[in-house]
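First comes the structure, then the notes that go with it.
The values are calculated or read from the model by the stated rules, or taken from the named source; none is laboratory data. This structure is a prediction, so every number in the text was calculated from the model and none was measured. Every residue, glycine as well, gets a Cβ built from its backbone with ideal geometry; the counts of neighbours run over all protein chains shown.
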Amino acid sequence: MSGTTRLGRVLIIDDDLLVLKMMAAHVRAAGYAAEFTSDPEEFYAMARSWSPTYVVVDLVMGKVDGLTVLKKLAEMNSNAVVVIASGMGSSILDSARQFAAASGLAYGGVLHKPFRRADVAAVLAAGAHSPGPVEPDTDELDAWDAAAFELELRNAATSGDFALVFQPKVSCVDSSVVGYEALVRWDHPELGMIPPSSFVPRAESAGLITVVTDWVAAEAFGWFARSRHHTDEHLSINVSASELTGKDLCERMLKAAAHAQVSPGRIILEVTETSAIADAKSSLEVLTRLRLGGFQLSIDDFGTGYSSMTQLSDMPFTEIKIDRSFVQKLGKSGPSDVMVRSMVQLGSGLGIRCTAEGVETVAALKAVTEMGCDYAQGYFIAFPMDEQALEAWLVERLSLA
């Protein structure tokens, strides 16, 4: 192995040999010792024996994904500072670094592929620091007038700028994968990654949200039919609040499901608690039509609104998703423990499945399981992943099982 320098040791894992060699050359040029491998087991062994100062982890690899590597490093109580290397968008990178911090790992920054020697030197020189959310520059997005925004949004739906990522959901009883939530991303060629929190509200106010909803339904249902037709798993997509006041949502969803040859019974449409009760009369009609069409319905972010038990029992939901703000405080806040337990009991009493969102630690997963929660979803289980990364994750999970 390379000798130690006064600046420290850097251990790199990536499945691309060319990237590994280039990264190692940049690291050594910056004054650090470098070792690299594409084999996960060799990486873990070197992490123990060589005691690296830094580890550079690629997020998407063939044998194993970067999140699994980060989780293993946390289990090993690694003191190395984690640097994440990837060509993924800023939203996924930000989620990955939040996961590293939640796992107790020291965080050292992100290397966006393709990177330069100066980028490597700058990240290593910065050392460890606490991660904070990176807000993309949306000044130009805000500057678009109505016509420009509509043109860009419609173009994104036809040009490939929209993309889907999928976050698995597992059973609390046996950890089996029970479904996936499809989430839309907008990777603009000039602005970069635009988060849904920036473009969805504007699409709603401009009356263009059907463009997004229909694109997500077509792409997600198509993926589901292609790759998960042989399973009993379900697929969730999010439905905007403004869709609940329209009359054609059920017709559009049925058409998309029929085109993809997916049974509506395997599709869950998620709506936020506040949007479901904003106009209870209109919502009830739309939600009932969707249930009559065979779709399942979920209340997202449950616990953050102020719906009454009467309203909840009147609406035909099949699932409640307990908001992450409660789940993440389990064991740290007595009121949160009481709230989560009460929501699980409420769902059970009404015959509604309960999913805990934002499960980021083994302690949180254990807590919601002991409370009787049905399903769990969150960074401890898996991050949102593109189709390729998800397939690799499923293969690895199967091999471990």
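Can you tell me which residues in the stretch 342-382 are of a type outside the set (S, T, Y) and more than 30 Å from K72 (Cα to Cα)?
If the condition is that a residue be of a type outside the set (S, T, Y) and more than 30 Å from K72 (Cα to Cα), then M343, V344, Q345, L346, G347, G349, L350, G351, I352, R353 are the ones that fit.
Please determine whether any residue of the stretch 226-248 is buried (at least 19 other Cβ atoms within 10 Å of the Cβ), at pLDDT 95 or above and part of a helix (DSSP H, G or I).
No, the stretch 226-248 has no match at all.
Out of the helices (runs of 4 or more DSSP H) lying entirely within the stretch 305-401, which hold 2 or more residues that are within 20 Å of R291 (Cβ to Cβ), modelled with pLDDT of 85 or more and not β-branched (V, I, T)?
By residue number, 334-349.
Inside the stretch 73-96, can you point out the residues that are at pLDDT below 75 and over 21 Å from R117 (Cβ atoms)?
Hits for the stretch 73-96 are M88, G89, S90, S91, I92, D94, S95.
Here is a yes/no grid of residues against (1) over 18 Å from D300 (Cα atoms); (2) of a type outside the set (G, A, S):
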{"position": "R341", "(1), (2)": "no, yes"}
{"position": "S348", "(1), (2)": "no, no"}
{"position": "C373", "(1), (2)": "no, yes"}
{"position": "G378", "(1), (2)": "no, no"}
{"position": "E387", "(1), (2)": "yes, yes"}
{"position": "W393", "(1), (2)": "yes, yes"}
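Tell me, yes or no, whether the stretch 378-391 has at least one residue that is at positive phi, touching a residue at least 24 places away in the same chain (Cβ under 8 Å) and surrounded by fewer than 19 Cβ atoms within 10 Å (Cβ to Cβ).
Taking every residue of the stretch 378-391 in turn, none turns out to be at positive phi, touching a residue at least 24 places away in the same chain (Cβ under 8 Å) and surrounded by fewer than 19 Cβ atoms within 10 Å (Cβ to Cβ).
Give me the residue from the stretch 64-78 that is in a helix (DSSP H, G or I) and out of contact with any Pro (no Cβ under 9 Å at 6 or more places or on another chain) and, out of that set, surrounded by the fewest Cβ atoms within 10 Å (Cβ to Cβ).
Top of the filtered list is E75.
In the stretch 249-282, what residues are outside any strand (DSSP E or B), modelled with pLDDT under 95 and in contact with a strand residue (DSSP E or B) (Cβ under 8 Å, 6 or more places away or on another chain)?
E273, T274, A276
Output the number of the condition that R154 fails; it satisfies all remaining conditions of (1) surrounded by fewer than 20 Cβ atoms within 10 Å (Cβ to Cβ); (2) within 18 Å of V359 (Cβ to Cβ); (3) at pLDDT 95 or above.
Just one mismatch for R154, condition (2).
Determine which single condition A363 fails, assuming it passes every other condition in (1) touching a strand residue (DSSP E or B) at 6+ places or on another chain (Cβ under 8 Å); (2) more than 28 Å from D187 (Cβ to Cβ); (3) among the small types (G, A, S).
Condition (1) is where A363 drops out.
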